[in-house]
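Single-structure report; data block below.
The values are calculated or read from the model by the stated rules, or taken from the named source; none is laboratory data. Keep in mind the model is a prediction, meaning the values are calculated, not measured. Positions of Cβ are backbone-derived with ideal geometry, glycine not excepted, and every protein chain shown enters the neighbour counts.
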Amino acid sequence: MSGPNTNYDPVEVAALAPEAVEQAVTDALTAVAAATTLEELKSARLAHAGERSPLALANREIGALPPSARAEAGKRVGQARGRVNQALAARQAELEAERDERILVEEALDLTAVPGRRPLGRRHVLTVTAERMADVMVGMGWEIAEGPGVEAEWFNFDALNFDKDHPARQMQDTFFVEPADAGLVLRTHTSPVQARSLLERGVPLYVAVPGKTFRTDELDATHTPVFHQMEGLAIDEGLTMAHLKGTLDRLAEGMFGPGITSRLRPSFFPFTEPSAEMDFRCFVCQGQDPGCRTCGGTGWIEWGGCGMVHHNVLRACGVDPERYQGFAFGMGVERTAMFRHGVSDMRELIEGDVRFNAQFGMEI
Ligand code: DAH
């Protein structure tokens, strides 16, 4: 037994008492167990294992003990700190594992989710249809021509052999452009581009003319005041109606599929002689279904007008009809689009409802 150590002050080293150390460990373990986040555990570590924690302070007191008491106190405090550190490490591992699991859930990527991209724009079905018609013609070696929407009356009517009193000139069909004596109309068909092309390009001539046309019709399921046509004009030596029919059959096949049969019915247009309406075999029922909704059971679909170009039109454009002949045709783009896509109401084509438009607009 050693004598009293003058350095030994029982008050200062009270922290080293077994109960105090035990209490510090209990407090530390309670705090560790109570920590539910890594942040809270960090605070607990600071409070119970940090430099100013009771156990750290106790550890510092060891040096003040008489040498004989140091070993035991050192062992006690060392074990106490070991238990606390173990508990801290275990809880740390637990909380980290929890955090990692939570992050896996919270930050999970659903690779099957449909991305919230902006919808792609689509071209309008009328644009696509007109372009396809033009493409078929270009594929046969024809050129594309265009003309103005506001047209001289002379091109729209006179050059095309319309009489001065032809009913189509009357107010009920034609939009006249003011002032009344300006001689300007909104073109009622794409046929004025026949005369324009002949005058500008001369003969021989093979032109296709897609474009907007206007008539004073009320908007309903089969009429619209603004519509589109695709005109064709071929002038060359030795052209006959056989060339006309062959050309229209190729155009019909390009639009509705191979093997289309067609027929020409006698008709009248001032600018063609003879004139005809071209019908093609219903591509849905092939003329086999009296209840067919596409052709109305007739087996034929009316597509447009055509004929051999009238001598008066050739003369008005400075072309010698004794040497050159030709044929012309004019098809409605709306009708073509409606038959191709099974659209029964023309208003759908112009109302601009994106749910309608988005169904079309891309084709190869
Ligand atoms: N222009 C005529 C119309 O709008 C259609 C037409 C008929 C055009 C016969 C032609 C043609 O080129 O030869 O009703």
Notebook entry, point to check: Failed condition for Glu351, given (1) within 16 Å of the ligand (Cβ to nearest atom); (2) free of Cβ contacts under 8 Å to residues at least 24 places away in the same chain, with all others met?
Noted result: (1)
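Return yes when Phe268 is in contact with a strand residue (DSSP E or B) (Cβ under 6 Å, 6 or more places away or on another chain), over 24 Å from Glu143 (Cβ atoms) and within 12 Å of the ligand (Cβ to nearest atom) and no when it is not.
Details: in contact with a strand residue (DSSP E or B) (Cβ under 6 Å, 6 or more places away or on another chain): yes; over 24 Å from Glu143 (Cβ atoms): yes; within 12 Å of the ligand (Cβ to nearest atom): yes.
When the stated conditions are applied, Phe268 passes them.
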Notebook entry, point to check: Any idea how many residues of region 306-364 are part of a loop (DSSP other than H, G, I, E, B) and either over 30 Å from Arg123 (Cβ atoms) or modelled with pLDDT of 95 or more (or both)?
Noted result: 9
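Yes or no, residue by residue, for (1) assigned to a loop (DSSP other than H, G, I, E, B); (2) in contact with a strand residue (DSSP E or B) (Cβ under 7 Å, 6 or more places away or on another chain):
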position: Leu126; (1), (2): no, yes
position: Arg132; (1), (2): no, no
position: Asp135; (1), (2): no, no
position: Gly141; (1), (2): yes, yes
position: Pro148; (1), (2): yes, no
position: Phe155; (1), (2): no, no
position: Ala159; (1), (2): no, no
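Residues that are in contact with a strand residue (DSSP E or B) (Cβ under 9 Å, 6 or more places away or on another chain), surrounded by 13 or more Cβ atoms within 10 Å (Cβ to Cβ) and in a helix (DSSP H, G or I): does region 96-110 have at least one?
If we filter region 96-110 for residues that are in contact with a strand residue (DSSP E or B) (Cβ under 9 Å, 6 or more places away or on another chain), which is where we start, we get none.
Looking through region 96-110, none of the residues is in contact with a strand residue (DSSP E or B) (Cβ under 9 Å, 6 or more places away or on another chain), surrounded by 13 or more Cβ atoms within 10 Å (Cβ to Cβ) and in a helix (DSSP H, G or I).
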Note to self: Quick check on Val114: is it closer than 15 Å to Gly232 by Cβ and of a type in the set (Val, Ile, Thr)?
What the structure shows: no
Notebook entry, point to check: Listed residues Asp181, Asp163; which is acidic (Asp, Glu) and either in contact with a Phe, Trp or Tyr (Cβ under 8 Å, 6 or more places away or on another chain) or away from the ligand (no atom under 16 Å from the Cβ) (or both)?
Noted result: Asp181
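One line per residue, one yes/no per condition, for (1) in a strand (DSSP E or B); (2) modelled with pLDDT under 95; (3) surrounded by fewer than 21 Cβ atoms within 10 Å (Cβ to Cβ); (4) within 11 Å of the ligand (Cβ to nearest atom):
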residue: Val209; (1), (2), (3), (4): yes, no, no, yes
residue: Lys212; (1), (2), (3), (4): yes, no, yes, no
residue: Thr216; (1), (2), (3), (4): no, yes, yes, no
residue: Thr222; (1), (2), (3), (4): no, yes, yes, no
residue: Phe227; (1), (2), (3), (4): yes, no, yes, yes
residue: Met230; (1), (2), (3), (4): yes, no, no, yes
residue: Leu239; (1), (2), (3), (4): no, no, yes, no
residue: Ala242; (1), (2), (3), (4): no, no, yes, no
residue: Arg250; (1), (2), (3), (4): no, no, yes, no
Checklist line | From Gly291, Gly299, residue being surrounded by fewer than 16 Cβ atoms within 10 Å (Cβ to Cβ), farther than 15 Å from Gly246 by Cα and either in the same structural domain as Gly246 (by TED's automatic domain parsing) or at pLDDT below 95 (or both) | finding: Gly291
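When you scan region 80-92, do you find a residue that is among the polar types (S, T, N, Q), closer than 15 Å to Ala20 by Cβ and over 60 Å from the mean Cα position of the chain (by Cα), even just one? Give the derivation first.
Here is the first cut: in region 80-92, the residues among the polar types (S, T, N, Q) are 85-86, 92.
Filter again for closer than 15 Å to Ala20 by Cβ, leaving none.
Looking for residues that are among the polar types (S, T, N, Q), closer than 15 Å to Ala20 by Cβ and over 60 Å from the mean Cα position of the chain (by Cα), one finds none in region 80-92, hence no.
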Next item on the list: Quickly run through region 161-195 and pick out the residues that are surrounded by fewer than 21 Cβ atoms within 10 Å (Cβ to Cβ) and assigned to a helix (DSSP H, G or I).
Entry: Pro167, Ala168, Arg169, Ala180, Asp181, Ala182
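Tally the residues that are within 30 Å of Glu40 (Cα to Cα) and aliphatic (A, V, I, L, M), restricting the search to region 93-134.
Result for region 93-134: 8.
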Margin query: Looking only at region 283-305, how many residues end up being out of contact with any strand residue (DSSP E or B) (no Cβ under 6 Å at 6 or more places or on another chain) and in a strand (DSSP E or B)?
Written below: 0
Item checked: Which listed residue, of Phe227, Phe280, Phe256, is in contact with a strand residue (DSSP E or B) (Cβ under 9 Å, 6 or more places away or on another chain) and under 23 Å from Arg169 (Cβ atoms) -> Phe227
